[in-house]
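Okay, structure first, notes after.
Nothing in this text is a laboratory measurement; each read-out follows from the coordinates by a stated rule. Computed from a predicted structure; not experimentally measured. Every residue, glycine as well, gets a Cβ built from its backbone with ideal geometry; the counts of neighbours run over all protein chains shown.
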Amino acid sequence: MISSSSDSGRVSDAPSDNWVYRVLPRGIWPYAQLARWDRPIGWQLLLWPCLWSAALAANVAAAAGSFDWARLVGHLLLFFLGAVAMRGAGCTYNDLVDHDIDQAVARTRSRPLPSGRVTRRQAKIFMGLQALVGLAVLLQFNLFTIGLGIASLVIVAVYPFAKRFTDWPQFFLGMAFSWGALMGWAAEFASLSLAPVALYVGAIAWTIGYDTIYAHQDKEDDALIGVRSTARLFGERTRQWLVGLYGLTVVLMALSFWLAGVGILAWLGLAAAALMFAWQVRTLDIDDPEQCLALFKFNHVVGFAIFLALVLALFFA
């Protein structure tokens, strides 16, 4: 049975007052839902590692006397466009792969494919168009960054299947969602070093943490249909695991900051993020789906705080 939210043309887990439903024609709604334009938290969390990396590289360039504000702003805009396009393409691909699973989960059966508002052929065409936008953005960077971006597609292709063969699908999501931690640095220097690699691994730990919280919303349905997740794996020990994952995030980001030689303001931003991580762990109730969703979305604030601190540090580099 399809939920009433699909009868209204909306999905059950997106805000009904989103701009998609106020601005776009009703016929476009299913495609906006496939791309998750009505749930911007996805591209926001994908974007933050890109912006962290770009700002981290900018701090190094500033210390060397080669920093250019125009170049940084240009890179940030490109990463924004790329994150929205590739998040949309990735979600459309994920929905194609998970068509049958989404029909069996209460929270997802109102999505365009399981509700029948979009055909698989239409979804594939839409996915291709979004991927072309992402490719156009990628081609604006240097050759090293282009190759690095293309390499990420292997992980993106595997991720939707991970929940079928491992209890750690969030690790595969982390590898895909954190790839921008390498891209921002590569866009500036056309190479990589230990600093962006540490940032990348730290972002993976961050992603596993916040997506574990998110996955607690679906753990009952997941158990019924055999979908695996770290939420099911950790269970009642989720809080302890989050201490380790978020703690590892802070340690690895600190290593990245130290290697890059960032200023005191960046360190203050990381300290603020650590406090926000501690607050999430302390307040988490894994049996309250609404709170799990709210805490998951709160990580957007964490990402912004770290990025803002790195940008402010540029003024004192």
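Return the equivalent ellipsoid semi-axes of segment 121-268 as a descending list in whole Å, where each equals the square root of 5 times an eigenvalue of the C-alpha gyration tensor.
Values: eigenvalues 162, 124, 21 Å².
Ellipsoid half-lengths, sorted descending, are 28, 25, 10 Å.
Counting only residues at least eight positions apart within a chain, or on another chain, the aspartates and glutamates with an alpha carbon under 20 Å from that of residue 124 are 38, 95, 98, 100, 102. Between residue 135 and residue 165, the FRET efficiency from the beta-carbon distance, with R0 = 35 Å, is close to 0.75.
Tell me which DSSP H helices of the chain clear both cut-offs, 15 Å or more of axial length from alpha-carbon atoms and a mean Kyte-Doolittle hydropathy of at least -0.5.
Details: long enough: 41-63 (33 Å, 1.32); 69-97 (41 Å, 1.00); 120-138 (27 Å, 0.92); 143-165 (35 Å, 1.64); 194-215 (31 Å, 1.20); 238-260 (32 Å, 1.29); 264-283 (29 Å, 1.43); 289-314 (39 Å, 1.58).
For the chain, where a helix must reach 15 Å along its axis and average at least -0.5, the hits are 41-63, 69-97, 120-138, 143-165, 194-215, 238-260, 264-283, 289-314.
Tell me what the chain gives for mean residue ellipticity at 222 nm when only DSSP H runs of n ≥ 4 count, each as -39,500 (n - 2.57), the sum divided by the residue total, rounded to 500 deg cm²/dmol.
Working: 17 runs with 241 residues, N = 317.
Result for the chain: -24500 deg cm²/dmol, rounded to the nearest 500.
Ellipsoid semi-axes for the chain, based on the Cα gyration tensor and the rule √(5λ), read 32, 24, 17 Å when sorted largest first.
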